[in-house]
1. If the requirement is being modelled with pLDDT under 70, crowded, with 17+ Cβ neighbours inside 10 Å and within 24 Å of the chain's Cα centre (by Cα), which of these qualifies: Val350, Val354?
2. Taking interchain pairs and intrachain pairs at least six residues apart, which have beta carbon atoms under 8 angstrom, with the first residue in the range 374-389 and assigned by TED's automatic domain parsing to the domain that holds Leu419 and the second assigned to a helix (DSSP H, G or I) and of a type in the set (S, T, N, Q)?
3. Do you know which of the residues in the range 289-325 that are aromatic (Phe, Trp, Tyr) and either touching a strand residue (DSSP E or B) at 6+ places or on another chain (Cβ under 6 Å) or closer than 20 Å to Lys458 by Cα (or both) is modelled with the lowest pLDDT?
4. Please report, ordered by residue number, the helices (runs of 4 or more DSSP H) entirely within the range 12-130 with at least 1 residues that are modelled with pLDDT of 85 or more and in contact with a Cys (Cβ under 8 Å, 6 or more places away or on another chain).
5. Among the residues of the range 158-178, which ones are assigned to a strand (DSSP E or B) and of a type in the set (Asp, Glu)?
6. Can you name every residue in the range 468-485 that is closer than 23 Å to Glu441 by Cα and out of contact with any Gly (no Cβ under 7 Å at 6 or more places or on another chain)?
7. Of all residues in the range 292-341, which are in contact with an Asp or Glu (Cβ under 7 Å, 6 or more places away or on another chain) and free of Cβ contacts under 8 Å to residues at least 60 places away in the same chain?
8. Quick one: which of Glu441, Glu434 is charged (D, E, K, R), under 21 Å from the mean Cα position of the chain (by Cα) and at pLDDT 70 or above?
Amino acid sequence: MMTSSPDPKHRSTAVTYSRVSSTEQEREGYSIPAQQKLLTNYAAERSFTVMRDFVDVETAKRAGRSGFGEMITFLKRNSVKCRILLVEKTDRLYRNLKDYVTLDELDLEVHFAKEGVVLSRESRSSEKFMHGIKVLMAKNYIDNLSEETRKGMLEKAEQGIWPSYAPLGYKNVEGEHGKRVIVPDPELAPLVTRLYELYANGSRSLKELAAIASVERLGRHNGNQPMATATVHKILRSLVYTGDFEWNGRVYRGIHKPLVTKELWERVQAALDRRCGARSKKASRNFPFSGLITCGHCGCALVGEIKKEAYVYYHCTAYKGKCPEPYTRQEVLEAEFSRLLRSIVIDTEVIGWVSEALRLSHTDEKRYHDQAVTRLRTEYTRLQNRLDAMYEDRLDGRIDVGFFDRKSQEWRSEQSRILRSIEEHQTANQSYMEEGIQLLELARRAPELFEKQPAAEKRRLLNFVLSNCSWKDGKLTGTFRQPFDMLALANGTAAAKVMEVGHAGAGFDEWLPGMDSNHDSRLQRPLSYH
């Protein structure tokens, strides 16, 4: 168990926070009552007086949930007498990094009752790192749900259904099988068609069309703001008005009604190409670090440049005036980035311990997904039994065709939704742990991957791990993103202890929490730090 010694003078009062991520969970009574009961018992066992209970029943994709926001306000106003927060587990408290930062700034003592963890300012670096990993995994869970949403949108596109908000000139309506489709807006659709016709005959410029659209209130969705020329250009370039549409780089044949003919659209594209003077441009050299680093002297960006037709140098743009920073070879910057990345490399044995700890902490999460899948399969079977019974009633003439068609369509649509939910739970169950462990593996191999990758992948890796990179007088500095910053801190503390004591094992306790005799003895061997 990972614990920290809390300040005794603040141990008397606390607040609790409970959350469910959907109204469906709340209706089932699955989570909120169980969380509150657990936290009440936890507080009683430790003689805590609970001042307030805060609850959220909504999605947590964005920070600013009502209960969470009220709790933050309450804790700020009562910063002296209440410094303890009780919550069931990590992913109940926050689902994004903004929530994590908000709470971290309050300097609280946070108790994760089900995980057996107490986190505070005095917590060890290993505890903070583990916590950061869990926060990132919680965020990854939301990203997985977003990915499922994108998959649903792709499925609609493949069926010819515009998968997003209606473009200007259309509106969203409820279509067959409960799916949202787009139809022409009776008021705005003719105006979009008119824009195409005016531009195709060459009598109007984009600026003039924007003025016409503003007068005729084509852009009234944006209040009283006049329509921008760029918006008109976007409308005239959009394939969706022909009945086809582009989605994720592919063109689909839509089922919606077109507002312009293909011939008119092609004439407009030709006119745009002529007027905009579309010309092919020679591809520029891909400099992996351009714009990624700022100058430590003046704050301007460092950009790449080829010298002597062979060597790549980086220099300050000097937009703010003459800068003393000299030109620097790309190889020098690469070596400095490798040095930074080596500070997050952790020993293979430590990865093994952290991976095992993550697997143990994931047990409850897996149980929830398994129970949800069982419940959903039961519901699916119940609906199938209804369909089978109703079919027999239809054959025997006990119900009419209209009722049978309407109810069977409704229930089959519900079955499709259930199957998607089952897939989401199974995907989350598998990826929640796997991607957390992959993150650790990425940290272990970061320098090796960086050195072997092409320019585009080098940049992608650096953007994922680092931010706010600065170059000054031959020295590169940067800020590690969560949770790599905790990893770097733990490594730095361990290295300092090694220097102080004089042997590699001295830094070991910065990674591993206190172990009893029941733990695997291999985890107690000294580690070598990079």
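The values are calculated or read from the model by the stated rules, or taken from the named source; none is laboratory data. All values derive from a computational prediction rather than experimental measurement. Quick reminder, even Gly has a Cβ in these numbers, built from the backbone with ideal geometry, and neighbours come from all protein chains shown.
1. That would be Val354, the only listed residue that is modelled with pLDDT under 70, crowded, with 17+ Cβ neighbours inside 10 Å and within 24 Å of the chain's Cα centre (by Cα).
2. Sorted first by the residue in the range 374-389, then by its partner, the pairs are Leu376/Ser421; Tyr380/Gln415; Leu383/Gln415; Gln384/Gln415; Leu387/Ser408.
3. Tyr311
4. The qualifying helices (runs of 4 or more DSSP H) are 66-77.
5. To start, the set of residues in the range 158-178 that are assigned to a strand (DSSP E or B) comprises 170-174.
Correct list: Glu174 only.
6. Gly478, Thr479, Phe480, Arg481, Phe484, Asp485
7. Tyr313, His315, Cys316 - these are the residues of the range 292-341 that are in contact with an Asp or Glu (Cβ under 7 Å, 6 or more places away or on another chain) and free of Cβ contacts under 8 Å to residues at least 60 places away in the same chain.
8. Values: Glu434 fails: at pLDDT 70 or above.
Within the list Glu441, Glu434, the selection yields Glu441.
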